[in-house]
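Below: one structure, written as structure tokens.
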Amino acid sequence: MRIDAHGHGCHADHLPDGSCVPPLRHGWTPGAQTPEQHVAESRRQGVDRAMLLDPPHVVFPLKEIFGDYVIPVCMVDIDKVTPAEIDALLSRGAAGIKFIHPMHSYGDNRYFPLYEVIRDRRKLAVFHTGYVTDKLFKPGALLGREDYVDITDMRPAALDRVARAFRDMNILMAHFGNPWWEEAWNVLHNFKNVYADFSGGTAYKRPMEMWKQIFTHAGRPDLDSIRRLCYASDVSFCFQGLYQFQPFIEFYERFFDMMDVPPDIRELVNHGNIENLIG
């Protein structure tokens, strides 16, 4: 069994220059393939369920269409959303909240009231870490903020302070901090409430030898940190006939083999950790 801990189901039209045209919407359209057939084919190819990290108006309709195949995690504007709005999204059925593109460090005290709600509700906080694409988030873009992003506000080190202050809140560090790989390992290694994934278009393209060095501790594979990884891809789900996750499955399998990861930990990474994190 495999649960993808980082997928997207959103869609927008594009202008010739590549910019997105509102509105942002989910990508499923009725056609030759039914939702049941789409799920069956996804499972045949290796992914049984997908955690989608998109705005509420995308993830909740996809949950209605695809049922348990979709695990909804709501992407919010961390600088505008209120604690009451976070609480309402969780009450509506969100398994967690996804944070991205803050105007201040994730560890800034101004965000702590948001984290308190997630902690108290025993839900999952997903944090984008590292580089973020400019296309969707620059000022004036479809998910744009009022100013330009500073990716150092999303360094893994920013989650060090969050994990210290919220030791009983489950944290998923997406994209393993690209390009701050070693920093991401330190946060993962030091905090038992922090989990991480290799999702995105860069981590799986890095040399396996780099990952071996990062996850070798005191001359041995750091299985304690590896056991808190989650399989994830960052590809599109819930589009008819589209299944893009195979390169990520192959990457995780190569990583498992290289680090001699035992079967029980492989199962945790492939699905057990996410099942536990979302209850």
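Structure values in brief
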| item | result |
| --- | --- |
| Residues within the stretch 222-236 that are free of Cβ contacts under 8 Å to residues at least 60 places away in the same chain, surrounded by 14 or more Cβ atoms within 10 Å (Cβ to Cβ) and not polar (S, T, N, Q), tallied | 6 |
| Some residue of the stretch 159-179 being surrounded by fewer than 24 Cβ atoms within 10 Å (Cβ to Cβ) and either at positive phi or in contact with a Pro (Cβ under 9 Å, 6 or more places away or on another chain) (or both) | no |
| Yes/no for TYR115 being in a helix (DSSP H, G or I) and surrounded by 17 or more Cβ atoms within 10 Å (Cβ to Cβ) | yes |
| Restricting the stretch 50-65 to residues that are crowded, with 23+ Cβ neighbours inside 10 Å and in contact with a Phe, Trp or Tyr (Cβ under 8 Å, 6 or more places away or on another chain), the residue that is farthest from TYR252 (Cα to Cα) | LEU62 |
| Checklist (1) within 17 Å of the chain's Cα centre (by Cα); (2) at pLDDT 95 or above; (3) part of a helix (DSSP H, G or I) applied to LEU136, failing item | (2) |
| Meets criteria (of a type outside the set (Ser, Thr, Tyr), modelled with pLDDT of 95 or more, in contact with a strand residue (DSSP E or B) (Cβ under 9 Å, 6 or more places away or on another chain) and assigned to a strand (DSSP E or B)) for VAL81 | no |
| Selection within the stretch 18-33 - hydroxyl-bearing (Ser, Thr, Tyr) and surrounded by 12 or more Cβ atoms within 10 Å (Cβ to Cβ) | SER19 |
| Within the stretch 237-275, considering residues that are of a type in the set (Val, Ile, Thr) and assigned to a helix (DSSP H, G or I), the one surrounded by the most Cβ atoms within 10 Å (Cβ to Cβ) | ILE274 |
| Selection count, the stretch 1-17, where residues are of a type in the set (Asp, Glu) and surrounded by 15 or more Cβ atoms within 10 Å (Cβ to Cβ) | 1 |
| Residue match in the stretch 68-79 (condition: free of Cβ contacts under 8 Å to residues at least 12 places away in the same chain and surrounded by fewer than 17 Cβ atoms within 10 Å (Cβ to Cβ)) | no |
| Counted residues, the stretch 22-56 - those being in contact (Cβ under 8 Å) with a residue 40 or more places away in the chain and not in a helix (DSSP H, G or I) | 19 |
| Hits in the stretch 125-158 - residues which are among the hydroxyl-bearing types (Ser, Thr, Tyr) and surrounded by 17 or more Cβ atoms within 10 Å (Cβ to Cβ) | THR129, TYR131 |
| Pairs where the first residue, in the stretch 203-221, is farther than 20 Å from ASP234 by Cα and free of Cβ contacts under 8 Å to residues at least 60 places away in the same chain and the second is among the aliphatic types (A, V, I, L, M) and assigned to a loop (DSSP other than H, G, I, E, B), C-beta under 9 Å, 6+ apart | LYS212/MET259; PHE215/MET259; THR216/MET259; PRO221/MET259; PRO221/VAL261 |
| The stretch 89-113 - residue that is out of contact with any Phe, Trp or Tyr (no Cβ under 9 Å at 6 or more places or on another chain) and of a type in the set (S, T, N, Q) and, of those, nearest to TYR148 (Cα to Cα) | ASN109 |
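Every residue, every condition in (1) within 19 Å of HIS11 (Cα to Cα); (2) aliphatic (A, V, I, L, M); (3) touching a residue at least 12 places away in the same chain (Cβ under 8 Å), yes or no:
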residue: LEU90; (1), (2), (3): no, yes, yes
residue: LYS98; (1), (2), (3): yes, no, yes
residue: SER105; (1), (2), (3): no, no, yes
residue: ASN109; (1), (2), (3): no, no, no
residue: VAL117; (1), (2), (3): no, yes, yes
residue: LYS123; (1), (2), (3): no, no, yes
residue: PHE127; (1), (2), (3): no, no, yes
residue: VAL132; (1), (2), (3): yes, yes, yes
residue: LYS135; (1), (2), (3): yes, no, yes
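The values are calculated or read from the model by the stated rules, or taken from the named source; none is laboratory data. Because the structure is predicted, anything quoted here is derived from the model rather than measured. No Cβ is skipped: glycine too gets one built from the backbone with ideal geometry, and neighbour counts run over all protein chains shown.
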